[in-house]
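Colleague: The following block contains the structure, expressed as structure tokens.
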Amino acid sequence: MVYSYMSTDRKEKLKKIIACILFISIVFFLLCKVTWIFRGNKSEAREDIAGFKSQGKIDVVLCAGSNLLRYYQPLEAWNQKGYTSYNYATSSARADLLKEYIEDSRTTNEALLYVCDIRTITDVNKEVEEASVRNWSDSLSLSSVTRLKGISSFLFTRDYKDCDIPSFYLDIIKYHSNYDSLKDAYQWSYTNTKNIDNIDKGFSPNQNHIPFEEPISTNVRGELSEQQEYALDKLLNYCEKEKLNVLFICCPYIAPKEEWEILNTCGDKIKERGYTFINFNEYYDEIGLDFERDFGDVNHVNYLGAEKYTAYLMNYLSENYELPDHREDTSYRKWEEDYAVFDASRRQWRLDTTEVVEEHLNAKKTAETLRSLENFDSWYQQIQDNNFTVIIKKNGYLEYSNTNDILNSFIEKYEIDMTQKYYIGLWNSDECIFSTNDEESVEQGIGVDGGRGLTPCIITSGEGSMLCIGDTDYYHQDADIQVIVYDNNYKQIIDDVNIQIVDDKEVHLIRA
Amino acid sequence: MTVTSFYFLVFIVIGAAIYYIVPKKVQWLILLGLSFVFYYFSAVPYTIIYLLLSTLIAYITTIAIEKYRDKRTNIAVIACTAIIFNIVIWFLLKGNSFWSHGVLLIEKTFPSVHFNMSVLHLTAAFGMGYYTAQVIGYILDCYWEISKPQKNPFKLFLFVCFFPQLTVGPISKYSQLECLYREHRFSYKNICFGSQRILWGMFKKLVVSDRIAIITTAIWADTISYSGVWPWIAVFLYPIQLYGDFSGCVDIILGTAEIFDIKLPENFNNPFKSCSVQEFWQRWHITLGTWAKDYVYYPVLKSKYLISIGKWSKKHFTKRIAKLIPWTLGMGVLWLVMGIWHGSVRHIAGVSLWYWGILVLGEFFGSVFKNMVEYLNIKSESYSWVLLQRIRTYAIFSAGSVFFAAESFRDALFRYQTLFASIKNLNPWTLFDGTVIRLGVTWGDVNIIILGIFLLHKIDTLREKEGMAREWMQKQIVVFRWGAWISLFFLVLIYGLYGPGYEASQFIYQGF
Amino acid sequence: MTREEVFERLNKVFREVFDDTEIVVGEKTTSNDIEDWDSFEHINLVVAVEEEFSFKIPMGRVVTMENVGEMVDIILELGK
């Protein structure tokens, strides 16, 4: 009605304005969709964040990084206690974005309880760590306002000078050259994020195993850096302002002394503001963690540890908070179905992880008996376990005419050229890490890292020969062939042997 | 901030918003401010003093010329001094190639003479070749009373440093840029057309030109692996790469200016349609050709020396030859200046000598050629003959561009050497065996290049026929129009070679 | 000089410069009307006119003249 009373001039103007807005809206809409197609294949993070929005009502929202993803199983809690929970978490998340995680989760869901695992506050620094922000920001639609706020807040409180800032906001600038994504149906499926589901509710296990020793606890209060203070304050301020029901925790891990001290200080600050903080590193025994079996690397439990942790945390939550039990509610059918799928998966995870753990423990047993073996044949069979690194050093010409079959196969396997004076070899079962028949010096890290670093190993042949592992030199000058066997998981030397060829056909194992 | 960067787009949006909000009387001041900002982020900031210096000289000179015109003072001297001053500054800062070659020549001829070259390592101003030409044109225009001098020095400075022009021109006349000082009303059409033109320019540069550049640079980087047909392919692809790069940038510039309601002169008019080299230079880098014609060729031909040579030739030669001699000399000066403007000795060879030579030969043997065509009964009106002429013109341009593309005179000679050597071992089968993939492009890229060339051809033809391809677009139905622009936008977004994975490639014509 | 005289002399010049004995120029003749009259030939024409009428056309007028009629105006103004 109003339109027909307007002059043609104004009608034209109005038409142009509407056309302009419509055009820009279409372009933006298409841009949001196209961005999804090209985004990197960090499928775990994307499924996590995108999957959250299609879960229905979540009672407990947990926010963190992989310190949550590998630890807590929401479906187990559902099965045992009946409340719905979800890990709104992305790998490498940092504590200064946790506020935005909660904020984003609240756009579709108001939870009864929020649980923030602040272990990553110890990693917070001034650098712009791309993974920390991109795992999250590349998993949200361009139209999300929280995403914009989160990126700005992250970038501009850190050293953003050398960053390509536009590519954080419009990540298609970074990913548009992933032309292979156009061929991938999975990438296209994200153009409709409503169909994205995350059956495991944000849990994915670590199936590695590294044996550790229990860390030593400390009551010392460390000092927080400026950035760390800022991150904690930001989170606490938000929780206070929004009057949220929040529990702060820290997952159990192989905590170094400095980090434990920082967590102590954080705990104090959190408690001052009236919130509860539980550092699960103080509850190793209560959780029942076995440091020899339950960890995958320095920062994460493996699936066996996750089972124990989930049991403890879910008990704690249901005892200390009023959480509903939906198990009889038919509108939560999907959770039942998902649990069935999850149950099958986790049996397999348990099996696989146990297998790895058992393998490493068996290797350890082998290692215990290795020292007492006199027979070259059985000893040679045992050292080929792929949990061991075999370090071989030959430092002189040897008289040998290929008469011992087992020694022949030893020489052939490790590629030792008996016509040459020197030999250095580092082997992991059939895999050659390094080998040479020349006079050389080699530096190599050995063992399984898992966050502990590799053990440095320096071997030199010829003048100034040495065989250093760690800080100690194990070189034996009088050996024909010296072999050191090293357990990769336990980071221990389990045997140090001189192979002596006697009468051109017998092989003796000489130990100091 | 290069003209293809995200920041530049933001710069235009904010700049245009301010521009149309402020009172119309001060819009030119906004343009001046924007030019300062642009200069600060695109170039070494202090070098703006060279622009200020040129402006000051031009200002004082033209005011003096007007004041003393009717008095007995020799204003020609004033004008000449100012022009020479500008040329000298240009030589000092941009004439490195001439200096080094000249010094080498002198040092070879007189071995005892030594020059200290360190004094010449000064940073040149941004867009020096372009604005110096504009300033010289302005001084001459005032001297010849074509334009009235600008009384406001700041307005004159805007003429010199107007930000879109500093990257690759075009070289405008003062009369063409007087619209800088007028009042500008907001026009939806300007914004639309300007944005469309910028998008088209981005397509040419980022999608087509930079993609072809991968091929040409890979071939010239390794002429041993890519021998035979490949150097020839590189030579014949290069004009398209150059055209996409240069005209793409010019499109972005003209589109930007259009958003601010400034009409800059066109620099290209479907150049590959040309049937002769004369026609080519009326369709390629039009503003440089016009500048050289109006400010070099005309004055030279009207000068006493050439008129007397003309008279002398009439006495001693036939009419035709008599006319050609002053023309040849005039052309020689024009082409020498064009070559020098490009700033290096190899451009004098590849631009000046080459085209001057071709044109002179063409004129001298023109009638012979015409007779041959008639004698052989070639249908000179047919499309196929016209096509042949276009191919011939393209080939001449390609041959000259070898100097243009090379990094130095020596490199250009090496390229010619390679080209002639490779005639002996042509290997056309490598066109079909996938060698093109080893150059660093995929078949998809090749398809895009072909599509790009096709679109370029279509649009340029449309532009010539309809005056403006965008006008033709306006006449189409909404769905087609919007579909075309949205498709082009996503083509550039997805297939453009930009972003953190690529080094922002400079424009080939930037830096003159 | 009268306008007609100028036109007659100009016809001679044009025929000489463009090598075409058939050319006749009028008030409204422009470069579009004569095949070889492009911006490069223009200056040759100007030089020839200057020689014929013994004067120098200022550069400013060289580029601004739109048709032969204007050329005649300049000749009458400054020429002999």
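Colleague: How do the pairs read when you match residues in region B:473-486 that are free of Cβ contacts under 8 Å to residues at least 24 places away in the same chain and farther than 15 Å from A:Ser25 by Cα with residues anywhere that are of a type in the set (Val, Ile, Thr) and loosely packed, with under 13 Cβ neighbours inside 10 Å, using Cβ under 6 Å and keeping only pairs 6 or more apart or on different chains?
Modeller: Final answer for the pair search is none.
Colleague: While we're here: Could you list, in sequence order, all residues of region B:146-156 that are touching a helix residue (DSSP H, G or I) at 6+ places or on another chain (Cβ under 7 Å) and closer than 12 Å to B:Tyr174 by Cα? Explain how you work it out, then say what you get.
Modeller: Narrowing region B:146-156 to residues touching a helix residue (DSSP H, G or I) at 6+ places or on another chain (Cβ under 7 Å): B:146-147, B:149-150, B:153-156.
Scanning region B:146-156 gives B:Ile146, B:Ser147, B:Pro149, B:Gln150, B:Lys155, B:Leu156.
Colleague: Within region A:237-257, can you find the residues that are surrounded by 14 or more Cβ atoms within 10 Å (Cβ to Cβ) and assigned to a helix (DSSP H, G or I)?
Modeller: A:Tyr238, A:Cys239
Colleague: Collect the residues in region B:447-472 that are β-branched (Val, Ile, Thr) and touching a residue at least 12 places away in the same chain (Cβ under 8 Å), keeping them in residue-number order.
Modeller: B:Ile448, B:Ile449, B:Ile453, B:Ile459, B:Thr461
Colleague: Before we move on, is B:Asp433 at pLDDT below 90, in a loop (DSSP other than H, G, I, E, B) and more than 12 Å from chain A (Cβ to nearest Cβ)?
Modeller: Values: at pLDDT below 90: yes; in a loop (DSSP other than H, G, I, E, B): yes; more than 12 Å from chain A (Cβ to nearest Cβ): yes.
Judged against the criteria, B:Asp433 is a match.
Colleague: So B:Tyr298 clears everything in (1) away from chain C (no Cβ under 14 Å); (2) assigned to a helix (DSSP H, G or I); (3) surrounded by 22 or more Cβ atoms within 10 Å (Cβ to Cβ) except one condition, right? Which one?
Modeller: Evaluating B:Tyr298 over (1) away from chain C (no Cβ under 14 Å); (2) assigned to a helix (DSSP H, G or I); (3) surrounded by 22 or more Cβ atoms within 10 Å (Cβ to Cβ) leaves (1) as the failure.
Colleague: Which numbered condition in (1) in the same structural domain as A:Tyr83 (by TED's automatic domain parsing); (2) part of a helix (DSSP H, G or I); (3) surrounded by fewer than 13 Cβ atoms within 10 Å (Cβ to Cβ) is the only one that A:Ser409 fails?
Modeller: (1)
Colleague: Looking only at region C:55-76, how many residues end up being among the small types (Gly, Ala, Ser) and either within 12 Å of another protein chain (Cβ to nearest Cβ) or without any contact (Cβ under 8 Å) to a residue 24 or more places away in the chain (or both)?
Modeller: Taking region C:55-76 and keeping what is among the small types (Gly, Ala, Ser), we get C:60, C:69.
In the following step, the residues that additionally are either within 12 Å of another protein chain (Cβ to nearest Cβ) or without any contact (Cβ under 8 Å) to a residue 24 or more places away in the chain (or both) were identified as C:60.
The qualifying residues number 1.
Colleague: Only one of these is within 11 Å of chain C (Cβ to nearest Cβ) and surrounded by 17 or more Cβ atoms within 10 Å (Cβ to Cβ): B:Gly339, B:Gly289. Name it.
Modeller: Working: B:Gly339 fails: within 11 Å of chain C (Cβ to nearest Cβ).
None of the others qualify; the one that does is B:Gly289.
Colleague: Specify which of the listed residues (B:Ile60, B:Ile84, B:Ile65) is outside the structural domain of B:Arg346 (by TED's automatic domain parsing) and surrounded by 17 or more Cβ atoms within 10 Å (Cβ to Cβ).
Modeller: Numbers: B:Ile60 fails: surrounded by 17 or more Cβ atoms within 10 Å (Cβ to Cβ); B:Ile84 fails: surrounded by 17 or more Cβ atoms within 10 Å (Cβ to Cβ).
None of the others qualify; the one that does is B:Ile65.
Colleague: Check every one of the strands (runs of 3 or more DSSP E) wholly within region A:26-127 and list those with 2 or more residues that are small (Gly, Ala, Ser). If you could, list the steps in order and put the result at the bottom.
Modeller: Numbers: elements: A:60-64, A:85-89, A:113-117.
By residue number, A:85-89.
Colleague: Against the conditions (1) surrounded by fewer than 20 Cβ atoms within 10 Å (Cβ to Cβ); (2) in contact with a Ser or Thr (Cβ under 9 Å, 6 or more places away or on another chain); (3) in a helix (DSSP H, G or I), where does A:Trp260 fall short? Just the number, please.
Modeller: Exception for A:Trp260: condition (1).
Colleague: Please give the helices (runs of 4 or more DSSP H) falling wholly within region B:310-403 in which 1 or more residues are closer than 18 Å to B:Arg283 by Cα.
Modeller: Values: elements: B:319-341, B:354-364, B:366-375.
Per the criteria, B:319-341, B:354-364.
Colleague: Something else: Given the conditions (1) within 26 Å of B:Ala349 (Cβ to Cβ); (2) buried (at least 20 other Cβ atoms within 10 Å of the Cβ); (3) of a type outside the set (S, T, N, Q); (4) at pLDDT 90 or above, which single one is not true for B:Gly129?
Modeller: Among (1) within 26 Å of B:Ala349 (Cβ to Cβ); (2) buried (at least 20 other Cβ atoms within 10 Å of the Cβ); (3) of a type outside the set (S, T, N, Q); (4) at pLDDT 90 or above, the lone unmet condition for B:Gly129 is (4).
Colleague: Looking at B:Ile459, B:Ile494, can you tell me which residue is within 14 Å of chain A (Cβ to nearest Cβ), touching a helix residue (DSSP H, G or I) at 6+ places or on another chain (Cβ under 8 Å) and crowded, with 17+ Cβ neighbours inside 10 Å?
Modeller: Details: B:Ile459 fails: within 14 Å of chain A (Cβ to nearest Cβ).
So the residue among B:Ile459, B:Ile494 that is within 14 Å of chain A (Cβ to nearest Cβ), touching a helix residue (DSSP H, G or I) at 6+ places or on another chain (Cβ under 8 Å) and crowded, with 17+ Cβ neighbours inside 10 Å is B:Ile494.
Colleague: In addition: Can you give me the number of residues within region A:144-175 that are closer than 20 Å to B:Tyr7 by Cα, β-branched (Val, Ile, Thr) and not in a helix (DSSP H, G or I)?
Modeller: Residues meeting the conditions: 1.
Colleague: Further question on the same structure: Could you list all residues from region A:16-46 that are more than 40 Å from the chain's Cα centre (by Cα) and within 10 Å of chain B (Cβ to nearest Cβ)?
Modeller: Filtering region A:16-46 down to residues more than 40 Å from the chain's Cα centre (by Cα) leaves A:16-24.
Scanning region A:16-46 gives A:Lys16, A:Ile17, A:Ala19, A:Cys20, A:Leu22, A:Phe23.
Colleague: What number of residues in region C:1-23 are within 25 Å of B:Gly310 (Cα to Cα) and in a loop (DSSP other than H, G, I, E, B)?
Modeller: Our first condition is that a residue be within 25 Å of B:Gly310 (Cα to Cα); within region C:1-23, this holds for C:6-23.
After this cut, where a residue has to be in a loop (DSSP other than H, G, I, E, B) as well, the list is C:19-23.
Counting residues in region C:1-23 that are within 25 Å of B:Gly310 (Cα to Cα) and in a loop (DSSP other than H, G, I, E, B) gives 5.
Colleague: Does any residue of region B:442-454 turn out to be away from chain A (no Cβ under 14 Å), out of contact with any strand residue (DSSP E or B) (no Cβ under 9 Å at 6 or more places or on another chain), within 21 Å of A:Ile26 (Cβ to Cβ) and not hydrophobic (A, V, I, L, M, F, W, C)?
Modeller: To start, the set of residues in region B:442-454 that are away from chain A (no Cβ under 14 Å) comprises B:449-454.
This time we only want the ones that are out of contact with any strand residue (DSSP E or B) (no Cβ under 9 Å at 6 or more places or on another chain), so: B:449-454.
Among the residues that remain, those that are also within 21 Å of A:Ile26 (Cβ to Cβ) are: none.
The answer is no, given that none of the residues of region B:442-454 is away from chain A (no Cβ under 14 Å), out of contact with any strand residue (DSSP E or B) (no Cβ under 9 Å at 6 or more places or on another chain), within 21 Å of A:Ile26 (Cβ to Cβ) and not hydrophobic (A, V, I, L, M, F, W, C).
Colleague: Could you give me the residue pairs with C-beta distances under 8 Å whose first residue belongs to region A:6-28 and is touching a residue at least 60 places away in the same chain (Cβ under 8 Å), whose second residue is of a type outside the set (A, V, I, L, M) and surrounded by 11 or more Cβ atoms within 10 Å (Cβ to Cβ) wherever it lies, and which are 6+ apart or on separate chains?
Modeller: Close Cβ pairs (under 8 Å, with a partner that is of a type outside the set (A, V, I, L, M) and surrounded by 11 or more Cβ atoms within 10 Å (Cβ to Cβ)) amount to A:Phe28/A:Ser143.
Colleague: Go over the candidates A:Asp171, A:Asp184, A:Asp138, A:Asp164 one by one and state the one that is surrounded by fewer than 19 Cβ atoms within 10 Å (Cβ to Cβ) and either in contact with an Asp or Glu (Cβ under 9 Å, 6 or more places away or on another chain) or within 14 Å of chain B (Cβ to nearest Cβ) (or both). Let's see the steps before the verdict.
Modeller: On the way: A:Asp171 fails: surrounded by fewer than 19 Cβ atoms within 10 Å (Cβ to Cβ); A:Asp184 fails: either in contact with an Asp or Glu (Cβ under 9 Å, 6 or more places away or on another chain) or within 14 Å of chain B (Cβ to nearest Cβ) (or both); A:Asp138 fails: surrounded by fewer than 19 Cβ atoms within 10 Å (Cβ to Cβ).
Exactly one residue qualifies, and that residue is A:Asp164.
Colleague: Now for a different question. Can you pull out the residues in region A:436-448 that are touching a strand residue (DSSP E or B) at 6+ places or on another chain (Cβ under 8 Å), surrounded by fewer than 16 Cβ atoms within 10 Å (Cβ to Cβ) and within 14 Å of A:Lys394 (Cα to Cα)?
Modeller: From region A:436-448, those touching a strand residue (DSSP E or B) at 6+ places or on another chain (Cβ under 8 Å) are A:436-437, A:440-447; that's our starting set.
Narrowing the set further to residues that are surrounded by fewer than 16 Cβ atoms within 10 Å (Cβ to Cβ) leaves A:440-441, A:443, A:445.
A:Glu440, A:Ser441 - these are the residues of region A:436-448 that are touching a strand residue (DSSP E or B) at 6+ places or on another chain (Cβ under 8 Å), surrounded by fewer than 16 Cβ atoms within 10 Å (Cβ to Cβ) and within 14 Å of A:Lys394 (Cα to Cα).
Colleague: Within region B:472-487, track down each residue that is more than 11 Å from chain A (Cβ to nearest Cβ) and either of a type in the set (A, V, I, L, M, F, W, C) or on the phi > 0 side of the Ramachandran plot (or both). Let's see the steps before the verdict.
Modeller: At the first step, the residues of region B:472-487 found to be more than 11 Å from chain A (Cβ to nearest Cβ) are B:472-477, B:479-480, B:484.
Hits for region B:472-487 are B:Trp472, B:Met473, B:Ile477, B:Val479, B:Phe480, B:Ala484.
Colleague: Being more than 27 Å from B:Glu145 (Cα to Cα) and among the β-branched types (Val, Ile, Thr) is the filter; apply it to region B:25-63 and report the residue that is farthest from the chain's Cα centre (by Cα).
Modeller: Of everything passing the filter in region B:25-63, B:Val26 is farthest from the chain's Cα centre (by Cα).
Colleague: Can you tell me which residue among C:Val68, C:Val25 is buried (at least 16 other Cβ atoms within 10 Å of the Cβ) and within 26 Å of B:Lys173 (Cβ to Cβ)? Walk me through it before giving the result.
Modeller: On the way: C:Val25 fails: within 26 Å of B:Lys173 (Cβ to Cβ).
Step by step, each of C:Val68, C:Val25 is checked, and only C:Val68 is buried (at least 16 other Cβ atoms within 10 Å of the Cβ) and within 26 Å of B:Lys173 (Cβ to Cβ).
Colleague: Filter region C:30-54 down to the residues that are under 23 Å from B:Trp291 (Cα atoms) and outside any helix (DSSP H, G or I), then identify the one that is farthest from the other protein chains (Cβ to nearest Cβ).
Modeller: Among those residues, the one meeting the criterion is C:Thr30.
Colleague: Could you tell me how many of the residues in region B:100-112 are loosely packed, with under 15 Cβ neighbours inside 10 Å and in a helix (DSSP H, G or I)? It would help to see each step written out before you state the result.
Modeller: Quick first cut of region B:100-112, residues loosely packed, with under 15 Cβ neighbours inside 10 Å only: B:102, B:104-112.
Checking which are in a helix (DSSP H, G or I) leaves us with B:102, B:104-109.
Qualifying residue count for the region: 7.
Colleague: For region B:235-255, indicate whether the set of residues that are in a helix (DSSP H, G or I), of a type in the set (A, V, I, L, M, F, W, C), surrounded by fewer than 20 Cβ atoms within 10 Å (Cβ to Cβ) and outside the structural domain of B:Leu34 (by TED's automatic domain parsing) is non-empty.
Modeller: Taking region B:235-255 and keeping what is in a helix (DSSP H, G or I), we get B:235-255.
Next, from what is left, pick out any that are of a type in the set (A, V, I, L, M, F, W, C): B:235-237, B:240, B:242, B:246, B:249-250, B:252-254.
Subsequent filtering for residues that are surrounded by fewer than 20 Cβ atoms within 10 Å (Cβ to Cβ) retains B:236-237.
With the extra rule that they be outside the structural domain of B:Leu34 (by TED's automatic domain parsing), the set shrinks to B:236-237.
Scanning region B:235-255, I find at least one residue that is in a helix (DSSP H, G or I), of a type in the set (A, V, I, L, M, F, W, C), surrounded by fewer than 20 Cβ atoms within 10 Å (Cβ to Cβ) and outside the structural domain of B:Leu34 (by TED's automatic domain parsing), so the answer is yes.
The values are calculated or read from the model by the stated rules, or taken from the named source; none is laboratory data. Model, not experiment: these values are computed from the prediction. Virtual Cβ from ideal backbone geometry, glycine too; neighbours counted across all protein chains shown.
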